[in-house]
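Peer 1: Structure provided below as structure tokens; questions to follow.
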Amino acid sequence: MIELQAIQRDFNVGDQTIHALQQINLTISQGEYVSIMGPSGSGKSTLLNVIGLLDRPSSGTYTLDQAEITALSDDERADIRQHKIGFIFQFFQLLPRLTAQENVELPMLLAGTAPFVRQQRARKVLQSLDILDRAGHRPDQLSGGQQQRVAIARATVMQPKVILADEPTGNLDRHSGREVIRILERLNGEGMSLIVVTHDPEVGQRAKRHIRMIDGKITHSD
Amino acid sequence: MLKLRDFIRLIVMAIFCHRLRAFLTMLCIAIGIAAVVLLTSIGEGIHRFVLSEFTQFGTNLIGINPGRATTVGASVGVFGAERPLTIDDAEALKRIANVEAVIPMVQGNAEIKAFGKSRRSTVYGVGAEFPTVFTFNVSAGRFLPDDDPLAPRAYAVLGYTLKNELFGTKSPLGQYIRIGGSRYRVIGTLESKGQVLGFDLDDAVYIPTQRSLAMFNRDSVMEIDLLYKEGANQQQIVGAIEKLIIARHGKMDVTITTQQQMLEILGSILNVLTFAVGALGGISLLVGGVGILTITTIAVRERTSEIGLYRALGARRIQILALFLGEAAILSGLGGVIGLAVGLLGGQLLQLIFPALPTHFSLFFTSLSVILAIIIGLIAGVLPAMHAAQLDPVTALRAE
């Protein structure tokens with residue numbers, strides 16, 4: 001499903017070139033549960049961004065669902081993000097002026113889904129994550145764990161093929177963190193691929209496949 | 001694709017979320033627009049006021065004055081001397097096609113006595129058609145009769161102020177007064193015309209031209225005023241006057257001034273005034289525009305991570321651009337409307353407080369300022385919005 005070949009990502013900082021990703025070769029099948037671990041600056045977030053089409057590799061080829069991605073236009077990449085990829089961030093990235101339900105509706109709103117369908121689907125997803133009773137609350141009225149669950153609802157409401165989570169528990173207490181990981185694993189059990197970038201060994205070890213990165217290179221992959 | 005209704009809702013929510021900022025942005029534009037509307041309506045009001053002062057005598061007037069403003073190489077002696085303008089000239093001018101009335105005019109100052117009261121006033125020597133030409137109304141009696149211009153009867157018509165000074169509430173009709181020592185019979189009084197550019201036309205007495213020539217010991221009139229028919233070709237009439245003067249005087253030794261020319265010159269001067277006042281308003285509009293630019297730039301900076309999120313959720317660049325542009329358009333549009341309302345209301349209020357200050361709402365300058373406000377608002381919105389749309393989603397998301 002995801003196939004990276006000789007992916008290179010270079011940044012220019014001043015007159016220095018930093019090789020954030022060096023010759024990455026990686027294949028992830030549909031429905032896999034993968035954790036990416038490594039020290040800060042090892043390139044794991046950059047790898048996640050490349051997989052999530054937020055970042056463009058400097059060279060190499062990326063195939064998603066048998067489609068070559070690297071040559072696509074900005075708009076085409078936006079459309080793929082919309083329908084195939086769900087993002088979960090460390091700081092949740094909920095819009096503070098919208099209610100939980102409106103935040104969940106946001107991707108469908110951008111996709112032009114009819115309001116009625118939107119509300120139904122958002123409520124269904126919130127229900128399945130057990131926070132329907134908080135649907136009318138704004139993010140500042142929710143706990144961190146609740147906020148992250150709203151963010152998961154938003155990431156999954158478009159039925160993406162893959163969920164990309166960047167330190168999903170990094171800003172949560174242990175209990176909420178475990179809760180969030182359980183939810184993500186349940187979604188993975190329903191068929192969505194799950195890729196988690198984390199510092200936390202406990203979180204990382206739960207994945208079925210482990211990838212370690214150091215200095216922009218994959219040093220270990222099951 | 002994002003539905004229009006949702007698009008507008010997103011924008012409105014963003015505006016409501018940043019109420020203070022939105023309010024300040026609108027204020028910037030509103031102040032600018034209000035200033036333009038108010039200043040130009042004052043400018044336009046003064047413009048109209050001055051023009052109406054001039055046009056109250058009608059616009060189909062041509063003035064003929066003796067002498068010609070030309071420079072010649074050497075003294076031309078007796079051959080260069082100009083012929084005076086006479087009542088005969090005026091009589092001849094009456095025969096030109098499309099000429100309605102001709103008034104040979106003399107003006108002077110004399111003592112006027114009635115019933116032991118005495119007052120120095122302006123004496124105008126005019127013809128019978130004077131009220132028609134200068135749009136005066138007779139309030140009582142009648143104006144000077146159409147006598148033989150060379151031997152008119154000793155009749156006088158009193159201006160409004162002079163009549164009140166000499167006769168008070170009594171009727172002067174049929175009474176005899178002395179003007180510069182000669183006896184005149186009052187046959188009419190005029191309605192008030194007010195002061196016109198410093199000349200008090202009401203503190204005056206009107207007598208036949210021929211008699212004023214004798215009174216002031218002159219053999220020529222000071223000016224001949226000519227009224228032509230509405231819609232007649234002014235150029236043709238001026239041509240005919242020139243031809244007639246050359247035939248009678250042997251050369252063109254008069255200066256012809258049309259009311260139209262004077263109005264055009266006056267109009268162009270007044271346009272500069274309105275424009276200058278409008279430019280002052282324009283500066284405040286520009287300042288408002290800079291204010292909007294500052295605020296929207298800060299807004300984009302503050303909402304970088306929001307833009308990153310939109311991008312991660314699959315929003316296209318053009319959608320981000322449209323969202324921020326829509327915000328700017330709504331804010332500048334609303335600000336424009338508020339400014340317009342304040343400006344118009346301010347104009348009305350000004351008129352109430354200072355009735356003497358003429359204001360006039362100028363559609364041209366107002367629409368110009370509203371268009372300008374929208375352009376400024378859009379430019380101020382476009383620059384940060386373009387910046388927002390160009391943001392790399394990763395960088396945008398990282399901004400906290």
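The values are calculated or read from the model by the stated rules, or taken from the named source; none is laboratory data. Everything quoted here is computed from the prediction, not taken from an experiment. Every residue, glycine as well, gets a Cβ built from its backbone with ideal geometry; the counts of neighbours run over all protein chains shown.
Peer 1: Only one of these is without any contact (Cβ under 8 Å) to a residue 12 or more places away in the chain and not acidic (D, E): B:V287, B:V337, B:V342, B:V277. Name it. Walk me through it before giving the result.
Peer 2: Details: B:V287 fails: without any contact (Cβ under 8 Å) to a residue 12 or more places away in the chain; B:V342 fails: without any contact (Cβ under 8 Å) to a residue 12 or more places away in the chain; B:V277 fails: without any contact (Cβ under 8 Å) to a residue 12 or more places away in the chain.
When all the criteria are applied, what remains is B:V337.
Peer 1: Something else: Assess whether B:P149 counts as being over 26 Å from B:T257 (Cα atoms), touching a helix residue (DSSP H, G or I) at 6+ places or on another chain (Cβ under 9 Å) and in a loop (DSSP other than H, G, I, E, B). Lay out the reasoning, then the answer.
Peer 2: Numbers: over 26 Å from B:T257 (Cα atoms): no; touching a helix residue (DSSP H, G or I) at 6+ places or on another chain (Cβ under 9 Å): yes; in a loop (DSSP other than H, G, I, E, B): yes.
Taking the combined requirement at face value, the residue does not satisfy it.
Peer 1: Filter segment B:297-328 for residues that are more than 10 Å from every other protein chain (Cβ to nearest Cβ), closer than 18 Å to B:D6 by Cβ and of a type in the set (G, A, S) and give the result.
Peer 2: Answer for segment B:297-328, where residues must be more than 10 Å from every other protein chain (Cβ to nearest Cβ), closer than 18 Å to B:D6 by Cβ and of a type in the set (G, A, S): B:A322, B:G326.
For every residue, the table says whether it meets (1) among the β-branched types (V, I, T); (2) surrounded by fewer than 21 Cβ atoms within 10 Å (Cβ to Cβ); (3) more than 30 Å from B:I237 (Cβ to Cβ); (4) not assigned by TED's automatic domain parsing to the domain that holds B:S220.
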| position | (1), (2), (3), (4) |
| --- | --- |
| B:E111 | no, yes, yes, no |
| B:T122 | yes, yes, no, no |
| B:E129 | no, yes, no, no |
| B:A140 | no, yes, yes, no |
| B:G174 | no, yes, yes, no |
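Peer 1: With the checklist (1) farther than 24 Å from B:F16 by Cβ; (2) free of Cβ contacts under 8 Å to residues at least 24 places away in the same chain in hand, flag the one item A:T61 doesn't pass.
Peer 2: (2)
Peer 1: I've got another one for you. Can you give me the number of residues within segment A:198-222 that are surrounded by fewer than 18 Cβ atoms within 10 Å (Cβ to Cβ) and of a type outside the set (K, R)?
Peer 2: The qualifying residues number 11.
Peer 1: Restricting attention to segment B:343-355, does a residue exist that is modelled with pLDDT under 85, away from chain A (no Cβ under 14 Å) and touching an Asp or Glu at 6+ places or on another chain (Cβ under 6 Å)?
Peer 2: Scanning segment B:343-355, I find no residue that is modelled with pLDDT under 85, away from chain A (no Cβ under 14 Å) and touching an Asp or Glu at 6+ places or on another chain (Cβ under 6 Å), so the answer is no.
Peer 1: Only one of B:T189, B:T169 is modelled with pLDDT under 85 and of a type in the set (S, T, Y). Can you tell me which?
Peer 2: On the way: B:T189 fails: modelled with pLDDT under 85.
None of the others qualify; the one that does is B:T169.
Peer 1: Which residues, taken from segment B:164-181, are outside any strand (DSSP E or B) and farther than 24 Å from B:P104 by Cα? Before you say what the answer is, go through the steps one by one.
Peer 2: As a first pass, look at segment B:164-181 and keep what is outside any strand (DSSP E or B): B:164-175, B:180-181.
Within segment B:164-181, B:N164, B:E165, B:L166, B:F167, B:G168, B:T169, B:K170, B:S171, B:P172, B:L173, B:G174, B:Q175 meet the criteria.
This table checks each residue for (1) away from every other protein chain (no Cβ under 12 Å); (2) touching a Phe, Trp or Tyr at 6+ places or on another chain (Cβ under 8 Å); (3) not in a helix (DSSP H, G or I).
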residue	(1), (2), (3)
B:L2	no, no, yes
B:R5	no, no, no
B:V12	no, no, no
B:I15	no, no, no
B:L20	yes, no, no
B:F23	yes, no, no
B:A30	yes, no, no
B:V37	yes, yes, no
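Peer 1: To continue, here is another question. Looking at segment A:143-212, what helices (runs of 4 or more DSSP H) fall wholly within it and have at least 3 residues that are free of Cβ contacts under 8 Å to residues at least 12 places away in the same chain, more than 13 Å from the chain's Cα centre (by Cα) and more than 28 Å from A:I24 (Cα to Cα)? Quick ask: steps written out before the conclusion?
Peer 2: On the way: elements: A:144-156, A:174-189, A:201-206.
Helices (runs of 4 or more DSSP H) meeting the threshold: A:174-189.
Peer 1: Okay, next question. I'd like to check which strands (runs of 3 or more DSSP E) are fully inside segment A:9-125 and have at least 1 residues that are farther than 30 Å from A:D173 by Cα and more than 10 Å from chain B (Cβ to nearest Cβ). Explain how you work it out, then say what you get.
Peer 2: Details: elements: A:16-28, A:33-37, A:59-64, A:85-88.
Once the strands (runs of 3 or more DSSP E) in segment A:9-125 are filtered for at least 1 residues that are farther than 30 Å from A:D173 by Cα and more than 10 Å from chain B (Cβ to nearest Cβ), what remains is A:16-28, A:59-64.
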